[in-house]
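Notes to accompany the following structure.
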Amino acid sequence: MHEKWPLTILSTVTFAEANGKTTVTVIWIPVDATESERKTFEEGRESMNAGWSGTFDRLDDYLAQA
């Protein structure tokens, strides 16, 4: 992990159902972070999104085969 990464992050995950499909929303907020830590966090947001998307893609594949 980057040395300027915030030590505490609040992650909120919500699930919503519509028309038989579930939408998952993940929100991350650095807590008690310095300006430098917040900047590092924001710069890493695209990577975090890719990580979550990849994880859910693999879950979809798994569930389709189960």
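Each reported figure results from applying straightforward, stated rules to the coordinates on display, with no laboratory input. This structure is a prediction, so every number in the text was calculated from the model and none was measured. Here Cβ is always computed from backbone atoms with ideal geometry, including for glycine, and neighbour counts include all displayed protein chains.
Adding -39500 (n - 2.57) for every DSSP H run of four residues or longer, then dividing by how many residues the chain holds, sets the calculated 222 nm ellipticity at -15000 deg cm²/dmol. Dipole magnitude for the chain: about 80 debye, using +1 per Lys or Arg Cβ and -1 per Asp or Glu Cβ, origin at the Cα centre.
In percent, rounded to a whole number, the relative contact order of the chain is 30, using alpha-carbon pairs under 8 Å and six or more apart.
Extension gain for THR14-ASP32 works out to 4.2 nm (0.36 nm per residue, less the C-alpha to C-alpha distance).
Against the longest alpha carbon principal axis of the chain, how many degrees, from 0 to 90 and to the nearest 10, is the axis of helix 45-65 turned? Long axis of 45-65 versus the principal axis of the chain: about 20 degrees.
Residues in region 1-32 near a label at LYS39, defined as backbone nitrogen under 17 Å from the 7 Å Cα→Cβ point? Only 2-7, 30 pass the distance filter. The ellipsoid equivalent to the alpha-carbon distribution of the chain has semi-axes of 29, 14, 8 angstrom, derived from the gyration tensor eigenvalues as √(5λ) and listed largest first.
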